[in-house]
Structure formats: structure tokens, C-alpha cells
Amino acid sequence: MWPTGIKCTVAFTFDLDAESVWISGNPTNADKPGVLSQGRYAIRVAVPLILELLERNEIPSTFFIIGKVAEEHPETVRAIADRGHELAAHGYTHTPPTDQTPEEEEESIVRTLSILNGYGSKVVGYRSPSWEFSRHTLELLEKHQFAYSSNMMDDIRPYLHPGTSIVELPIHWLLDDAPHFWFAKDTWNKKISAISEVREIWGAEFEGIYELGGLFILTMHPQIIGRPSRLKMLEEFMTSMRSYTGVWFATCADIAEQVKEHLS
Ligand SMILES: [Zn+2]
């Protein structure tokens with residue numbers, strides 16, 4: 001499945017939700033600048049730091065972007081694209097497709113595609129908001145000629161969705177920064193994890209997936225992973241991964257293209 005000499009493949013992915021995740025979760029937040037500032041941090045501070053970090057470590061990455069965020073912050077999307085990273089679709093707003101009609105879901109996908117395709121490369125990847133994949137999502141991805149989905153938690157290797165040409169690049173909450181670091185006032189009882197704990201969890205899972213020759217996808221959000229202490233941890237983790245032989249760091253689009261001919 002992997003290129004010659006490669007044992008395990010790694011993708012660093014970033015979901016650029018910015019303010020949208022706060023508004024979709026609770027529309028009254030649209031009138032709360034303090035709440036929204038948590039999302040704005042992604043645009044002002046986190047993405048620039050992440051782009052520098054990726055460049056320093058020569059790692060290509062995939063950014064799943066909310067269409068409305070791209071409309072509101074085109075200079076951020078341009079900066080990501082100009083550094084050679086992949087732009088992929090993540091819904092027009094952060095409304096879960098499972099809360100939408102099929103028509104609304106399609107409109108959200110089509111609108112996001114038309115915005116992101118404007119940056120020069122054809123968008124081929126989709127990750128639904130909050131990984132809420134609806135019963136219609138797969139056929140919509142086929143209809144709009146996506147190459148891959150990155151939404152399912154049922155494997156550690158890519159697979160083809162039966163009866164379609166859509167490659168699945170599986171993810172898991174374990175390898176998402178939000179369950180470990182997300183904090184919101186409505187969950188005061190949820191403790192923010194120490195970076196040492198998250199590093200331990202991610203490192204152990206990487207070793208396991210490496211031994212099995214699988215696909216390690218880290219799902220991160222600039223507003224969450226982009227705190228200085230967490231970025232230091234991420235960079236140390238990248239360096240550690242490089243000490244393993246046969247690790248391929250790739251964008252999701254390149255991974256989907258690589259594995260497609262091996263899947264049926
Ligand atoms: Zn998201």
C-alpha cells in the first residue's frame with residue numbers, strides 16, 4: 001500500500017474552524033466578542049506559528065477549512081496555499097450534516113468547494129464538521145468528485161468505501177487535540193490535559209500504528225494546538241517520529257492517490 005521503503009504513513013491535519021465552531025454550537029455566541037476571540041486566535045497567532053513550524057520541519061500538511069472562514073479570512077487561506085499545503089473542505093459553516101437536510105448539506109459542500117477551488121488547486125478531500133457524517137454524505141462526495149473522506153473511526157489503514165471510488169483515511173478521537181485540550185465554560189468540570197499526558201498518548205499510539213504499518217493521522221485545530229507550549233510539544237513529537245525508519249509524511253491528497261491503486 002505504501003511507497004517502497006515506507007512502513008508507516010503520517011499526516012498532520014488542521015481543521016480551520018476559527019470563530020465558526022463557537023457560532024454553530026451556539027448562535028448567541030455571534031454577539032460575544034470575548035467568546036469569539038478564542039476562535040480568532042487561530043487567524044491572528046496560531047496559523048502563522050503553525051506554518052513556520054511546518055516549514056522548519058519540511059512537513060506538508062492538509063488544512064480542512066470551513067468555507068465561511070475562508071471567505072472572512074482569505075489572506076490566511078492564501079498563506080496556507082502559498083506554502084504548498086493542501087486545502088480541503090470542512091463544510092460551509094460548522095453545522096453538522098446530520099442536522100441538515102440533504103439539500104442543505106449539498107449546498108454547504110458545493111459552496112465551500114467553489115471558494116477553496118479559487119486558490120488554484122482542485123479540492124479533493126472532505127472532513128465533515130465534528131465528523132458528523134450523514135447518510136447522504138458519501139453519495140455527495142461521489143457526485144462532486146472528491147477523492148477521499150477523512151471521517152471514519154473503523155480502521156487504522158486507508159480503505160475504499162464499498163461501491164464507490166472514495167478512499168477513506170480513518171481518524172480517531174484519541175488522535176484529536178480537542179478531546180484532550182478543549183475547554184468551554186459550559187463544561188467547567190473538564191480539566192485541560194497536561195501536554196506531557198497528550199504527548200504520551202499520541203506517542204504510544206504512533207508506536208502501535210507504526211508497528212502495524214498503518215496510517216497515523218493527527219487531527220488538530222489551530223486555536224487549540226496553537227498555544228506556544230503545545231506547539232513545542234508538537235515539534236518535539238515530529239522530531240521523534242523522524243528517528244523511525246520508513247515514515248512517510250504526506251498530505252491526505254497524496255496519501256489517497258498513493259493507496260487508491262492498491263484498494264478495491
Ligand atoms: Zn471543525
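Nothing in this text is a laboratory measurement; each read-out follows from the coordinates by a stated rule. Since we're looking at a predicted model, the values are computed, not measured. Please note: Cβ atoms are built from the backbone with ideal geometry, for glycine as well, and neighbour counts cover all protein chains shown.
Among beta bridges identified by DSSP and lying wholly in the stretch 8-260, the antiparallel ones come to about 10 percent. Entry note, the chain: relative contact order of 29 percent, from Cα contacts under 8 Å with a spacing of 6+ residues.
Eigenvalues of the alpha-carbon gyration tensor of the chain, scaled by 5 and square-rooted, set the equivalent ellipsoid semi-axes at 26, 24, 17 angstrom, largest first. Cross-link partners of Lys191 among aspartates and glutamates, defined as those whose alpha carbon lies under 18 angstrom from its own and excluding same-chain residues fewer than eight positions apart: Asp176, Asp177, Glu200. Candidate cross-link partners of Lys32 among the lysines, defined by an alpha-carbon separation under 21 Å and a same-chain spacing of 8 or more, comprise Lys68, Lys185. Peptides 120-133, 235-248, ordered by how many other C-beta atoms sit within 10 Å of their residues on average, highest first, read 120-133, 235-248.
The helix-only estimate of mean residue ellipticity at 222 nm for the chain, built from DSSP H runs of length n ≥ 4 each weighted as -39500 (n - 2.57), is -12500 deg cm²/dmol after division by the residue total.
Out of Trp182, Ala194, Ile80, whose Cα points farthest toward the positive end of the dipole of the chain (charges: +1 Lys, Arg; -1 Asp, Glu; placed on Cβ)? So the residue we want is Ala194. Charge dipole of the chain (Cα centre as origin; +1 on each Lys and Arg Cβ, -1 on each Asp and Glu Cβ, all else neutral): 640 debye, rounded to the nearest 20.
Add +1 for every Lys or Arg and -1 for every Asp or Glu among the other residues with Cβ under 13 Å from the Cβ of Val123, and state the total. It would help to have the intermediate numbers written out before the result.
Values: positive: Arg111, Lys122, Arg127; negative: Glu86.
That sum, taken over residues with Cβ under 13 Å, equals +2.
Computed from phi, the 3J(HN,Hα) profile of the stretch 140-151 under the Karplus parametrisation 6.51, -1.76, 1.60 (θ = phi - 60°) reads 5, 5, 5, 4, 9, 6, 6, 9, 8, 10, 10, 9 Hz, with x in place of Gly and Pro.
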